Amino acid sequence: MHVVIVGNGVAGMEAALAIRDREAGWRITVVSEESDHFFSRTALMYVLAGQLAYRDIEPLERDVYARLRLERVRARAVGLDPAGRALLLADGSRLAYDRLLIAAGSRPRSGPWPGSDLPGVGHFVTLQDLEWLEAEVHAGRGLDAPPRADAHLPAVPDSPYARRPVAREQRERAPQRAVVIGGGLVGIEVVETMLAAGLAVTFVIREEWFWPIALDADEAAWVADALRHHGVDVRLQEEVRSLEAGPDGTVAAVVTDRGRIDADLVVIAIGVAPNTAWLGDVPDLRDGGGGILVDEAQRTALPEVWAAGDCASVRWANGWVRPEQLWYTARDQGRVAARSLLGDPVRYARGTWYNSAKLMDLEYTTVGLVNMGVPGEQRWFHREEAA
């Protein structure tokens, strides 16, 4: 039996480990374009801030592929041949499978505004985004950054793992003024790392308050106050109109419905989308938002094909069918997909949603669905302050 897994993130690797634990003789191939090693995406900010090394954010030992006989293919998947049961790769080759798990994760949403592709503008979702920001802000890569083993891969501009051009080479000095667009968790992580690097930071948020999917208005107000206390210019309910270039061709300003904000570095953090465009127009595979439709056992409509993690659309407690883009839900879906792929009667049933993080000086935990209008919703709140 040959199992092919597209993606070596948490969903893909949890599935690979679970399959190998049960089937010592099966062939397991893990295909990844982004990186050689499984890493914790939620910890990228700590590498950029200089608090952790690259190797510190890898949950598994680097020899795990060899020890568990997981074949590793560093390549870009560009299509699927369901009838021939083959994964199509960017170099023109085909990787045959008996069973396939798509755990391709998500890609950052591109800015819809003119100038979103200027040098000095990027995202903070992928390992390549981390390398870009390190080069922009710190004029180099981390000391223990893994070798760029993907240098041999075909250059594909629309890949979420394509390297962005570094604007620093065109500038006379390092960035001084950063603008972060988007009021979610990635946005505030970037704000904190920019503050740590000594940049002046403006945080532009279209919504009424920061992170409305996880916080209510009062809680978000405390976060905004903490940000302003540290010198962040927090702009709420402000719409971006365009990004402008300076004389050197790099980004120089963000234009909003309220005026012009000087900027020589812009990070767009307006969310992510399922990384599924490479699948093409396979009938009955994806929903309108690009997520791969799966049943309760993470099976797709295609024979012997499963999906898990950020790219899989599952049913939420409030009736939505859409991806759950969280680390622990991807982990759990990967485990369920593995058991389903192994033939177990299993279903994915996410427990109560929870989230916990440190936002500037505020440590918080939220449990349950927030601001989703669930019938019978009740609210309980507790706040504790240091003496």
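What the table shows:
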{"quantity": "In sequence order, calculated HN-Hα J values of segment 363-370 (Karplus, 6.51, -1.76, 1.60; Hz; x Gly/Pro)", "calculated": "9, 9, 9, 10, 10, x, 8, 10"}
{"quantity": "GNM result for the chain, Cα springs below 10 Å: residue of Ala200, Ala83, Ala245 fluctuating most strongly", "calculated": "Ala83"}
{"quantity": "Backbone HN-Hα couplings from phi across segment 63-69 [Karplus 6.51/-1.76/1.60, Hz, Gly and Pro as x]", "calculated": "8, 5, 5, 5, 4, 9, 6"}
{"quantity": "Under-5 Å amide H pairs with Ala75, H placed in peptide plane, nonlocal only", "calculated": "Ser32, Glu33"}
{"quantity": "Ellipsoid equivalent to the chain - semi-axes via the Cα gyration tensor, in Å", "calculated": "35, 26, 19"}
{"quantity": "Where chymotrypsin sites (Phe, Trp or Tyr not before Pro) fall in DSSP loop in segment 312-387, at most 16 other Cβ within 10 Å", "calculated": "Trp316, Trp320, Trp380, Phe381"}
{"quantity": "Selected from Val251, Thr276, Val305, residue furthest toward positive end of dipole (segment 218-308; charges at beta carbon)", "calculated": "Val251"}
{"quantity": "Label-point separation in nm, Trp316 to Asp281, each point 7 Å along Cα→Cβ", "calculated": "2.9"}
{"quantity": "GluC sites (Glu not before Pro) within segment 1-62, DSSP loop, no more than 12 other Cβ atoms inside 10 Å", "calculated": "Glu61"}
{"quantity": "Candidates per chymotrypsin sites (Phe, Trp or Tyr not before Pro) in segment 19-67, loop by DSSP, up to 16 other Cβ within 10 Å", "calculated": "Trp26"}
{"quantity": "Separation in nanometres of the label points that stand 7 Å from Cα toward Cβ, at Trp380 and Asp91", "calculated": "5.6"}
{"quantity": "Furthest towards positive pole of dipole, Ile205, Ala162, Val179, structure part the chain, Cβ charges", "calculated": "Ala162"}
{"quantity": "Net dipole in debye of segment 1-102 [+1 Lys, Arg Cβ; -1 Asp, Glu Cβ; about Cα centre; nearest 20]", "calculated": "200"}
{"quantity": "From phi via Karplus (6.51, -1.76, 1.60), per-residue ³J(HN,Hα) for segment 255-264 in Hz, x at Gly/Pro", "calculated": "9, 10, 6, 10, x, 10, 10, 5, 7, 10"}
{"quantity": "Protein-only accessible surface order, largest first, of Leu52, Leu243 at 1.4 Å", "calculated": "Leu52, Leu243"}
{"quantity": "Sequence of Met1, Met194, Met372 when ordered by accessible area, the most exposed leading, probe 1.4 angstrom", "calculated": "Met1, Met372, Met194"}
{"quantity": "Assigned charges on the beta-carbon of Lys, Arg, Asp, Glu; the chain dipole about Cα centre (debye)", "calculated": "920"}
{"quantity": "The chain: angle of helix 185-196 to the longest principal axis, Cα-based, in degrees nearest 10", "calculated": "50"}
{"quantity": "Shape of segment 276-346, Cα gyration tensor, a/c cut at 1.5", "calculated": "oblate"}
{"quantity": "Mean separation of Cα contacts under 8 Å (6+ apart) over length of segment 131-281, as relative contact order %", "calculated": "22"}
{"quantity": "Farthest toward positive dipole pole in the chain [+1 Lys/Arg, -1 Asp/Glu at C-beta], among Leu236, Gly122, Leu100", "calculated": "Leu100"}
{"quantity": "Fluctuation leader among Gln51, Gln237, Gln298 - the chain, Gaussian network, Cα springs under 10 angstrom", "calculated": "Gln51"}
{"quantity": "Exposed trypsin sites (Lys or Arg not before Pro) absent: longest stretch of the chain, with sites in DSSP loops and at most 13 other Cβ within 10 Å deemed exposed", "calculated": "259-346"}
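The values are calculated or read from the model by the stated rules, or taken from the named source; none is laboratory data. Remember, predicted model here, so these are calculated numbers, not experimental data. No Cβ is skipped: glycine too gets one built from the backbone with ideal geometry, and neighbour counts run over all protein chains shown. Note: areas computed on protein heavy atoms with side chains; ligands, DNA, RNA excluded. Shrake-Rupley method; radii C 1.70, N 1.55, O 1.52, S 1.80 Å.
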